[in-house]
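S.K.: Quick one: the structure is below, and I'll ask about it shortly.
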Amino acid sequence: MELTNKTILVVGGATGIGKATAIECAQRGASVIVADYNQIEGAATAASCGGMYVPVNVADEASVKAMYAAIGEHHDHINVLVQTAGVLKGAYVPVPEFPLETFENVIDINATGSFLCAKYGVPFIKKSGGGVIVLISSVAAIGVSSSVAYGTSKGAVSSLGVTLANKLAADNIRVNVVHPGGIKTYMKLSVIGAEAELRGGSSEQAISQAAAGSELGEPEGVAKILAFLASDEADYVRGFLFTR
């Protein structure tokens, strides 16, 4: 599974699944662009991949447009967009007490951010004659989520992927949506800590045990799937994929 001669943009590539994906794709020969709100870790990931870093706030349209403008100064096209940027806020907050501001912020980043990255990324992908868009949803989209905002936003991402797949097929752009399960990321560990506190336990102890254990999957495992989807070998893959 080679990615040589492919230019791959990983949004949310500073940490977690995004970072692992950027590294995996670079190791397979791709030219990798890392975009993230986290400038320090984003730049570090890009450096480790031998690629470029671009700052972005995916919830802000002007910022997304600026990201692609910066990319356009060095690349006339991209072959693949992998959108992993997302947040989880309001874990275990009861619905009647859930702040509207928090709900809207999570939707803005997870759902609207995915749309904006795709909207302004499509022209770059079309310049290469077609390519791939991979969106990251979650099993929370179809199951139980600790946050009403997160579950809702990831359901929107899944639906967005279906709609994009239909509308972009004529442009030779394949769209896949990946639904990770329990993966050892900062986001997941923070939820485990919040649950422990809710039960009257120690969040630090719960996080430490989860990080050291084998119950959660590693980001690198999901990264291998995303790298495969970015490759020509995944040309016949359609729709949703689920991971552990």
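S.K.: Calculate how steeply helix 148-168 sits against the longest principal axis of the alpha-carbon atoms of the chain, using the helix alpha-carbon long axis, and give the answer as 0 to 90 degrees to the nearest 10.
M.R.: The helix 148-168 is inclined about 20 degrees to the chain.
S.K.: What does the charge count near ASP60 come to, summing +1 for each Lys or Arg and -1 for each Asp or Glu among other residues with Cβ under 14 Å from its Cβ?
M.R.: On the way: positive: LYS65, LYS119; negative: ASP36, GLU61, GLU104, ASP108.
That works out to -2.
S.K.: I would also like to ask the following. Of LYS127/LYS224; LYS19/LYS89; LYS119/LYS224; LYS154/LYS184; LYS119/LYS184; LYS65/LYS89, which ones are farther than 28 Å apart at the Cα? Provide the component values of the computation, followed by the final result.
M.R.: Details: LYS127/LYS224 26 Å; LYS19/LYS89 21 Å; LYS119/LYS224 25 Å; LYS154/LYS184 18 Å; LYS119/LYS184 30 Å; LYS65/LYS89 26 Å.
Where the Cα-Cα span goes over 28 Å, the pairs concerned are LYS119/LYS184.
S.K.: For Cα pairs less than 8 Å apart in space and 6+ apart in sequence, what is the mean separation divided by the residue count of the chain, i.e. the relative contact order in percent? Don't jump to the answer; show the numbers that get you there.
M.R.: Details: 489 pairs, mean separation 47.2, N = 244.
This gives 19 percent for the chain.
S.K.: Only four residue types carry charge here, +1 at the Cβ of Lys and Arg and -1 at the Cβ of Asp and Glu. Report the dipole size of segment 19-74 about the Cα centre in Debye, rounded to the nearest 20. Don't skip to the end; give the middle numbers.
M.R.: Details: 3 positive and 6 negative charges, 35 e Å.
Here segment 19-74 has a charge dipole of around 160 debye.
S.K.: If you keep only loop residues by DSSP, which GluC sites (Glu not before Pro) in segment 146-235 have at most 15 other Cβ atoms within 10 Å of their Cβ? Don't skip to the end; give the middle numbers.
M.R.: Numbers: sites: GLU195, GLU197, GLU204, GLU215, GLU220, GLU233; in loops: GLU215.
Answer by residue number: GLU215.
S.K.: Continuing with this model, one more query. Just grab the label-to-label distance for SER214 and GLU101, each label 7 Å out from Cα along the Cβ direction, in nm (one decimal).
M.R.: Each label point is offset 7 Å from its Cα along the Cβ direction, giving 4.5 nm.
S.K.: How are the alpha carbon pair distances in segment 51-182 distributed across 5 Å bins from zero to the largest one, expressed in percent?
M.R.: The calculated distribution, bin by bin, is 2, 11, 20, 21, 18, 13, 8, 4, 2, 0.
S.K.: Here's a follow-up. Put +1 on the Cβ of every Lys and Arg and -1 on every Asp and Glu Cβ in the chain; which of ALA223, THR102, TYR150 then has its Cα farthest towards the positive end of the dipole?
M.R.: Ranked along the dipole, the leading option is ALA223.
S.K.: Explain nothing, just the number: relative contact order of segment 44-162, from Cα pairs under 8 Å at least 6 residues apart, as a whole percent. If you can, show how the numbers build up before the last one.
M.R.: Working: 155 pairs, mean separation 37.3, N = 119.
The value is 31 percent.
S.K.: Rank the residues ARG174, ARG28, ARG244 as a footprinting-exposure proxy: fewest other Cβ atoms within 10 Å of their Cβ go first. List each step's numbers first, then the result.
M.R.: On the way: ARG174 23, ARG28 19, ARG244 13.
Fewest-to-most ranking of ARG174, ARG28, ARG244: ARG244, ARG28, ARG174.
S.K.: Order these by the 10 Å Cβ neighbour count, fewest first: CYS25, CYS49. Provide the component values of the computation, followed by the final result.
M.R.: On the way: CYS25 27, CYS49 24.
Fewest to most other Cβ atoms nearby, the residues stand as CYS49, CYS25.
S.K.: Just to confirm the number: angle between the C-alpha axis of helix 113-126 and the first principal axis of the chain, 0 to 90 degrees, nearest 10?
M.R.: 10
S.K.: So what's the angle, to the nearest 10 degrees on a 0 to 90 scale, between helix 61-72 and the longest Cα principal axis of the chain?
M.R.: For helix 61-72, the angle is close to 40 degrees.
Readers should treat all values here as calculations from the given coordinates under stated rules, not as data from a laboratory. Keep in mind that this is a model prediction, so the values were computed, not measured. Note that each Cβ is placed from the backbone with ideal geometry, even for glycine, and that neighbours are counted across all protein chains shown.
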